[in-house]
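Participant: Quick one: this structure, given as structure tokens, is what I'll be asking you about.
The values are calculated or read from the model by the stated rules, or taken from the named source; none is laboratory data. As the structure is a computational prediction, the values presented were derived from the model and not from experiment. Cβ atoms come from the backbone with ideal geometry, glycine included; neighbour counts cover every protein chain shown.
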């Protein structure tokens, strides 16, 4: 079987490795237990996490055993990596609820049957620690001087870094030590912003148990101009269908920039590389077809094949049928007639605020029933209602129906 390291590298998923030759040899010769951590900062995973799930599936498909570590313990602290401020503190109930939501979403992509993958919660070993014992046993292994050179801490020093967050690296390092002891975990994977934390865990395993373990980070999901993908004006693109509808999820991928579609096909789908290389030659309308393939494949993995097919048909019906389809995104507003247009638009979820909706109207970017709408101070009128509904078009590609 092809070495999964070569697969990940060819698709552009690998960013950094601690021991490239050793890791490649290990993955090609043994069944390796590895882990990726997911801190429960919300009740749903998002598009950034999905890339990590894809890496886990590649590894599992090649015979390796994933551990999905949910941060029931570290969630009480919050990872300072990539943050300019301190995360909000969450209750134990919220953390546990979020962890349960993660399990359901991860199970759509990763096979947890018959021990093929493990779901582990670091609350099992972190929440009952004795603080003094932990400092004496684990804290003594960390150099403050070295920790302060880590990017996750260095960028926060000017604006302020709490001692609470400063402990996060110790806790994540301890996770690696415990997973190695309990499950024989030899490899930690994570986004490239986790490099310093991964190194800390490796160093702790070496100092405490004289064990050689490894680390590998993968590419962060960014656009061609360096911005993080997975965000829209309305907020993050979530994997939970209640937070981001499958249709909106599908449409997000249909609307990626031309410069990003091939990269996304490599990173987020399992389409063979020879087919993707053929797509690299595509231009114009063919690129739009590549986007539809991307949208279908990613939606299928997250929401299932039936939902992906439904989204595909709805999108086709919307564009061929003048913006109308039974499966198109719909919001019911029974008292819509007489309501201010801005209020109605915010209710649909198309806009996060009335100010955002107002700006698009002023820029001639909104249509009602395929007619440009230009009055930001106007109301929904009875003559806008056709067959009990109003069709809103945002920009060139986003359609939404209001039923009244």
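Participant: Of all residues in region 349-371 being in a strand (DSSP E or B) and touching a helix residue (DSSP H, G or I) at 6+ places or on another chain (Cβ under 7 Å), which is surrounded by the fewest Cβ atoms within 10 Å (Cβ to Cβ)?
Facilitator: It comes out as 368.
Participant: Pick from 104, 146: which is assigned to a helix (DSSP H, G or I), at pLDDT below 85 and in the same structural domain as residue 56 (by TED's automatic domain parsing)?
Facilitator: 146
Participant: Now, a different point. Name the pairs whose Cβ atoms lie under 6 Å apart, with the first residue in region 26-46 and more than 14 Å from residue 56 (Cα to Cα), the second assigned to a strand (DSSP E or B), and 6 or more positions between them or separate chains?
Facilitator: Qualifying pairs under 6 Å: 44/238; 46/236; 46/238.
Participant: For region 197-215, what are the residues that are surrounded by fewer than 20 Cβ atoms within 10 Å (Cβ to Cβ) and at negative phi?
Facilitator: Scanning region 197-215 gives 199, 203, 206, 207, 208, 209, 211, 212.
To keep it simple, each residue is scored yes or no on (1) farther than 25 Å from residue 257 by Cβ; (2) without any contact (Cβ under 8 Å) to a residue 12 or more places away in the chain.
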| residue | (1), (2) |
| --- | --- |
| 294 | no, no |
| 306 | yes, yes |
| 328 | no, no |
| 386 | yes, no |
| 391 | yes, no |
| 395 | no, no |
| 398 | no, no |
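Participant: For region 128-138, enumerate the residues that are in a helix (DSSP H, G or I) and either under 32 Å from the mean Cα position of the chain (by Cα) or over 13 Å from residue 171 (Cα atoms) (or both). Walk me through how you get there before you give the answer.
Facilitator: The initial filter retains those residues of region 128-138 that are in a helix (DSSP H, G or I), namely 131-137.
Hits for region 128-138 are 132, 133, 136.
Participant: Another question, then. If the Cβ limit is 8 Å and pairs must be 6+ apart or interchain, which residue in region 358-369 that is farther than 17 Å from residue 401 by Cα pairs with which residue that is in a strand (DSSP E or B)?
Facilitator: Here the result reads 360/366; 360/394; 364/372, each pair linking region 358-369 to a residue that is in a strand (DSSP E or B).
Participant: Against the conditions (1) under 22 Å from the mean Cα position of the chain (by Cα); (2) at pLDDT 80 or above; (3) buried (at least 16 other Cβ atoms within 10 Å of the Cβ), where does residue 90 fall short? Just the number, please.
Facilitator: Against the list (1) under 22 Å from the mean Cα position of the chain (by Cα); (2) at pLDDT 80 or above; (3) buried (at least 16 other Cβ atoms within 10 Å of the Cβ), residue 90 comes up short only on (2).
Participant: Which residues, counting only those in region 37-66, are modelled with pLDDT under 95 and part of a strand (DSSP E or B)?
Facilitator: Correct list: 37, 38, 46.
Participant: Restricting the search to region 120-151, which residues are within 15 Å of residue 73 (Cβ to Cβ) and surrounded by fewer than 17 Cβ atoms within 10 Å (Cβ to Cβ)?
Facilitator: If the condition is that a residue be within 15 Å of residue 73 (Cβ to Cβ) and surrounded by fewer than 17 Cβ atoms within 10 Å (Cβ to Cβ), then 124, 127, 128, 129, 130, 131, 134 are the ones that fit.
Participant: So, one more: Any idea which of 374, 299 is buried (at least 16 other Cβ atoms within 10 Å of the Cβ) and touching a helix residue (DSSP H, G or I) at 6+ places or on another chain (Cβ under 7 Å)?
Facilitator: Values: 374 fails: buried (at least 16 other Cβ atoms within 10 Å of the Cβ).
So the residue among 374, 299 that is buried (at least 16 other Cβ atoms within 10 Å of the Cβ) and touching a helix residue (DSSP H, G or I) at 6+ places or on another chain (Cβ under 7 Å) is 299.
Participant: Considering each of 371, 318, 398 in turn, give the residue that is over 29 Å from residue 105 (Cβ atoms) and at pLDDT below 85. So that I can check it myself, show each step before the final result.
Facilitator: Working: 318 fails: over 29 Å from residue 105 (Cβ atoms); 398 fails: over 29 Å from residue 105 (Cβ atoms).
Every option except 371 fails the conditions.
Participant: If I filter region 232-253 for residues that are under 24 Å from residue 55 (Cα atoms), free of Cβ contacts under 8 Å to residues at least 40 places away in the same chain and touching a helix residue (DSSP H, G or I) at 6+ places or on another chain (Cβ under 6 Å), do I get at least one hit?
Facilitator: no
Participant: Which one is modelled with the highest pLDDT among residues in region 337-348 that are surrounded by fewer than 16 Cβ atoms within 10 Å (Cβ to Cβ) and either part of a strand (DSSP E or B) or within 26 Å of the chain's Cα centre (by Cα) (or both)?
Facilitator: 340
Participant: Then there is this: On the basis of being at pLDDT 90 or above and in the same structural domain as residue 74 (by TED's automatic domain parsing), does residue 117 make the cut? Spell out how you get there, then give the answer.
Facilitator: Numbers: at pLDDT 90 or above: yes; in the same structural domain as residue 74 (by TED's automatic domain parsing): yes.
Taking the combined requirement at face value, the residue satisfies it.
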